[in-house]
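This report refers to the structure that appears directly beneath it.
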Amino acid sequence: MEREERQRAQHTGHEVRPPASAGGHGGAYGPPSQRRAIRTPTFAPHDEERQRQEFLTGTVPAAGACVILPVGGAADADTLPSLFVITVHEDERTYGPAPELREAFALLDARGAVETSRGLEVGCAWSGFGGVRPVVKLRLDFRVPRAAPTRSSVSIVVPADPYAEVWHHVLDGGLLGISTKARLDRVTGLPRSSFAAGLEACLLLGTGYSPVLERLITTYEWPRA
């Protein structure tokens, strides 16, 4: 998947949109509300829990997810894409299974989002696991440009139900950002924080159509707009 780079430093408006059930930006990282009691397994057979554990093995648990929209003072707010952000914890829950993310965030802090996106070659792939507690997995394939290029993969798992209202933004073709909860909270909590500040807090990747997310949205009747 091709990277999309944004060099828009002048944008002054943004809106952070967590799922409505989360109760605001800070609540986006809280425990999920109960949407439905029982769901018919969609992606797993009768041994669902064993299959689920295999799906989760070696993954990074997401801290949360939200969407940042360019609004307000941004002159071209109507034409800019949304920024779908998955956040991770800034501790061993992340850096134990995924030391690549520690290095990528260090590069982000040193060079900024645009230069980092130019220096990192990262492929993205979505997968999902249904059932009573559906989850979405984002695999990041890092290619390190050395004399003999090496590849490594990181998988971040997001509980799907709490963020049902925002998954459609991925299908809509916006930007994808990976950040830490603390890093994103610092920039979006400022009184005059901007859409550009949200971009600068993230590792920026491109998104595209995902049959997995399309199927989850259809199966569980999640919003499409």
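For (1) closer than 15 Å to L216 by Cα; (2) touching a residue at least 40 places away in the same chain (Cβ under 8 Å); (3) open to solvent by less than 40 Å² (accessible area, probe 1.4 Å), each residue gets a yes or a no:
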| position | (1), (2), (3) |
| --- | --- |
| Y95 | no, no, yes |
| E100 | no, yes, no |
| F142 | no, yes, yes |
| L175 | no, yes, yes |
Residue selected from region 105-124 under the condition in contact with a Ser or Thr (Cβ under 7 Å, 6 or more places away or on another chain) and aliphatic (A, V, I, L, M), by the criterion surrounded by the most Cβ atoms within 10 Å (Cβ to Cβ): L108
Qualifying residue in region 53-76 (condition: modelled with pLDDT under 90, in a strand (DSSP E or B) and surrounded by fewer than 20 Cβ atoms within 10 Å (Cβ to Cβ)): no
Some residue of region 182-203 being over 30 Å from A110 (Cα atoms), touching a residue at least 40 places away in the same chain (Cβ under 8 Å), open to solvent by 10 Å² or more (accessible area, probe 1.4 Å) and within 16 Å of the chain's Cα centre (by Cα): no
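The values are calculated or read from the model by the stated rules, or taken from the named source; none is laboratory data. Computed from a prediction, not measured in an experiment: that's the story for all the values here. Using ideal geometry, Cβ is built from the backbone for each residue, glycine included, and neighbour counts are taken over all protein chains shown. These accessible areas exclude ligands, DNA and RNA; they are computed on the full protein's heavy atoms, side chains included. Shrake-Rupley method; radii C 1.70, N 1.55, O 1.52, S 1.80 Å.
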